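Scroll down for the structure; my scribbles are underneath it.
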Amino acid sequence: MSAKTRYFCNVCGHITSRWLGRCAGCGEWNTYIEEVVSRGTVKRNNEAGGGNRPLPVTEVEPVEGERCSTGMAELDRVLGGGLVPGSLVLLGGDPGIGKSTLLLQVAGLVGATGKKVLYVSGEESTRQIRLRADRLEISCPKLFAYTETDLQIIEEQVGLVDPSLLVIDSIQTMCGPDMASAAGSVSQVRECTARLMRLAKERSLSIFVIGHVTKEGMIAGPRVMEHMVDVVLYFEGERNQSLRILRGVKNRFGSTNEIGIYEMSGCGLREVVNPSSFFLDEHAGRDVAGAVVVPVIEGTRPLLVEIQSLVCPTSFGVPRRMTAGVDHNRTALIIAVLEKRLGLMMGNCDAYVNVVGGVKIDEPAADLGVAAALASSFRERVIDSKTAVMGELGLTGELRPVTALDKRIREAARLGFKRCIVPHQKNIPDDVFNIKILEAKTLVDAFDHIFI
Ligand code: TYD
Ligand code: MG
């Protein structure tokens with residue numbers, strides 16, 4: 001029979017036999033791509049009599065071995081306490097952000113513990129891998145480098161080398177032998193992911209797969225890839241800054257609200273052990289108007305970040321509002337509250353808000369920080385650099401409770417802050433002595449404490 005084609009939705013992976021303008025699955029327009037699908041016979045997952053039948057869960061063989069450490073505390077935490085044997089982990093991120101570097105470092109660290117690691121690259125030659133390994137000071141005979149794009153050959157090599165960890169550098173370069181469409185296409189990516197998943201489960205082999213992110217911000221190939229794998233991690237950051245954040249988006253074996261913080265250096269990625277002091281490096285001892293420190297919670301960890309603001313008279317008719325790291329609409333709302341409740345008329349001022357270090361804050365507990373930074377710049381009044389502020393702002397100017405207050409206060413105290421302004425709420429800790437806790441019911445109260 002001649003080759004058959006199908007139409008795949010680029011976004012959600014929906015399949016039709018005819019081209020459609022609008023996806024029946026996700027409703028996006030113009031997303032179908034035609035691809036050749038081979039008519040290979042459907043493989044049975046198990047040979048006849050292979051013994052696959054429903055079992056009482058108590059009789060199922062438990063996973064051998066515990067989670068194993070990747071040698072990087074930050075990555076272990078994002079994975080939920082280490083790597084589960086037989087799991088398939090997808091690492092997504094923009095090109096050049098450091099995915100290959102991260103996984104080669106992990107491969108080196110795991111290899112150094114005496115386990116065999118196979119690093120397969122479809123993008124770089126073994127010499128290039130060697131070059132990078134030298135740069136990262138990895139010299140480990142248990143780490144095998146291999147350049148190949150044919151998944152069947154890779155599977156054979158896995159059988160020969162028998163590694164405990166397999167790294168596939170970019171799923172987009174891989175192809176199966178009986179697939180007619182090009183590498184990187186939707187059906188190839190899907191098929192290859194499915195094969196890797198089978199390989200992981202059959203051999204109890206942990207596999208890291210790198211996936212490039214398209215311009216639209218999704219992992220190239222359909223979103224279905226995310227549904228197939230066990231864990232999805234994103235590696236984020238600004239390319240011209242050294243900070244990198246590893247974020248869990250999906251995790252079948254743990255929570256997804258942990259982040260790992262790294263710094264890209266001349267010889268690879270370094271874990272940032274004390275992120276708060278990393279972000280506050282430049283803040284220390286500086287008394288300028290428009291800057292304030294806010295404790296935010298990233299995952300389960302508190303993190304102190306500096307919010308900066310600049311308010312100046314506008315030279316055009318319409319004032320500009322620009323934000324980086326905080327929500328634009330939320331900032332507009334805070335400006336409105338400042339105007340109405342405190343009479344700070346910013347109607348003919350441009351307002352810029354920025355979070356230092358490229359961190360993105362998406363919790364309302366930073367509202368008071370944004371308000372204080374704006375007011376500080378508008379009034380040209382300095383906020384004491386040893387003061388941390390937190391609280392959600394209501395439209396009537398009231399301060400609402402924040403979550404994990406205790407953790408935020410302790411982190412501020414640990415870093416030597418002298419005062420913190422908190423909303424009036426329950427469970428304010430009474431055993432933190434080296435920091436003064438000032439409660440405020442409204443924005444006006446809070447500003448009385450902040451601008452002394
Ligand atoms: P890379 O891991 O190749 O990115 P990806 O696989 O996500 O495309 O990282 C490439 C960038 O990292 C490149 O711009 C150079 C930089 N880099 C360092 O700054 N220090 C290092 O030690 C290494 C290996 C790379
Ligand atoms: Mg790479």
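The values are calculated or read from the model by the stated rules, or taken from the named source; none is laboratory data. Just so it is clear, the structure is predicted and the values come from calculations on it, not from any experiment. As a convention, Cβ positions derive from the backbone with ideal geometry for all residues, glycine included, and neighbour counts pool all protein chains shown. Please note that ligands, DNA and RNA were not included when accessible areas were found on the heavy atoms of the full protein model with its side chains. Shrake-Rupley method; radii C 1.70, N 1.55, O 1.52, S 1.80 Å.
With respect to the conditions (1) within 16 Å of ligand 2 (Cβ to nearest atom); (2) at pLDDT 95 or above, P95 lacks only one, and its number is (2).
The condition of being away from ligand 2 (no atom under 16 Å from the Cβ), at pLDDT 90 or above and either of a type in the set (S, T, Y) or open to solvent by less than 40 Å² (accessible area, probe 1.4 Å) (or both) holds for only one of S87, S100, S121, that being S87.
Restricting attention to the range 6-19, the residues being open to solvent by 50 Å² or more (accessible area, probe 1.4 Å) and either of a type outside the set (A, V, I, L, M) or assigned to a loop (DSSP other than H, G, I, E, B) (or both) number 6.
Residue-wise test of (1) in contact with a Phe, Trp or Tyr (Cβ under 6 Å, 6 or more places away or on another chain); (2) on the phi > 0 side of the Ramachandran plot; (3) open to solvent by 60 Å² or more (accessible area, probe 1.4 Å); (4) among the hydroxyl-bearing types (S, T, Y).
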site: G114; (1), (2), (3), (4): no, yes, no, no
site: Q128; (1), (2), (3), (4): no, no, yes, no
site: E155; (1), (2), (3), (4): no, no, no, no
site: G159; (1), (2), (3), (4): no, no, no, no
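Considering only residues in the range 253-269 that are over 16 Å from the mean Cα position of the chain (by Cα) and either within 16 Å of ligand 2 (Cβ to nearest atom) or not in a strand (DSSP E or B) (or both), the one that is surrounded by the fewest Cβ atoms within 10 Å (Cβ to Cβ) turns out to be G266. If L109 meets every condition in (1) buried (at least 23 other Cβ atoms within 10 Å of the Cβ); (2) closer than 22 Å to Y234 by Cβ; (3) hydrophobic (A, V, I, L, M, F, W, C) apart from one, which number is that one? Result: L109 fails condition (1) only. Within the set E398, E439, the sole residue that is more than 19 Å from E306 (Cβ to Cβ) and crowded, with 17+ Cβ neighbours inside 10 Å turns out to be E398.
Evaluation of I219 against the conditions (1) loosely packed, with under 14 Cβ neighbours inside 10 Å; (2) within 30 Å of F8 (Cα to Cα); (3) at pLDDT below 85 shows that the sole unmet condition is (1).
Does the range 114-126 contain at least one residue that is more than 15 Å from ligand 1 (Cβ to nearest atom) and closer than 23 Å to E258 by Cβ? Checking the range 114-126: not a single residue is more than 15 Å from ligand 1 (Cβ to nearest atom) and closer than 23 Å to E258 by Cβ. Taking the numbered list (1) more than 16 Å from ligand 2 (Cβ to nearest atom); (2) open to solvent by less than 10 Å² (accessible area, probe 1.4 Å); (3) within 15 Å of V117 (Cβ to Cβ) in turn, I168 passes all entries but (1). Inspect all residues belonging to the range 382-392 and state whether any of them is closer than 13 Å to S276 by Cα, surrounded by 18 or more Cβ atoms within 10 Å (Cβ to Cβ) and touching a residue at least 60 places away in the same chain (Cβ under 8 Å). Yes: the range 382-392 contains one or more residues that are closer than 13 Å to S276 by Cα, surrounded by 18 or more Cβ atoms within 10 Å (Cβ to Cβ) and touching a residue at least 60 places away in the same chain (Cβ under 8 Å). With respect to the conditions (1) without any contact (Cβ under 8 Å) to a residue 40 or more places away in the chain; (2) of a type in the set (D, E, K, R); (3) open to solvent by 10 Å² or more (accessible area, probe 1.4 Å), D367 falls short on a single one, namely (3).
If you go through the range 225-277 and keep only what is more than 12 Å from V89 (Cβ to Cβ), β-branched (V, I, T) and in contact with a helix residue (DSSP H, G or I) (Cβ under 6 Å, 6 or more places away or on another chain), you end up with I261, V272.
Scanning the range 428-452 for residues that are in contact with a His (Cβ under 7 Å, 6 or more places away or on another chain) and not basic (K, R), we see that the one that is nearest to K418 (Cα to Cα) is L438.
Scanning the range 294-313 for residues that are open to solvent by less than 30 Å² (accessible area, probe 1.4 Å) and in a loop (DSSP other than H, G, I, E, B) yields a count of 1.
Reported count of residues in the range 228-252, each being open to solvent by 10 Å² or more (accessible area, probe 1.4 Å), more than 16 Å from ligand 1 (Cβ to nearest atom) and part of a loop (DSSP other than H, G, I, E, B), is 1. Within this structure, V272 passes the test of being within 16 Å of ligand 1 (Cβ to nearest atom) and over 14 Å from the mean Cα position of the chain (by Cα). Among the criteria (1) under 17 Å from the mean Cα position of the chain (by Cα); (2) away from ligand 1 (no atom under 15 Å from the Cβ); (3) open to solvent by 10 Å² or more (accessible area, probe 1.4 Å); (4) closer than 20 Å to M264 by Cα, the one V78 does not fulfil is (3).
Screening the range 327-435 for strands (runs of 3 or more DSSP E) wholly inside it with 1 or more residues that are farther than 27 Å from I259 by Cβ returns the ranges 349-355, 419-423.
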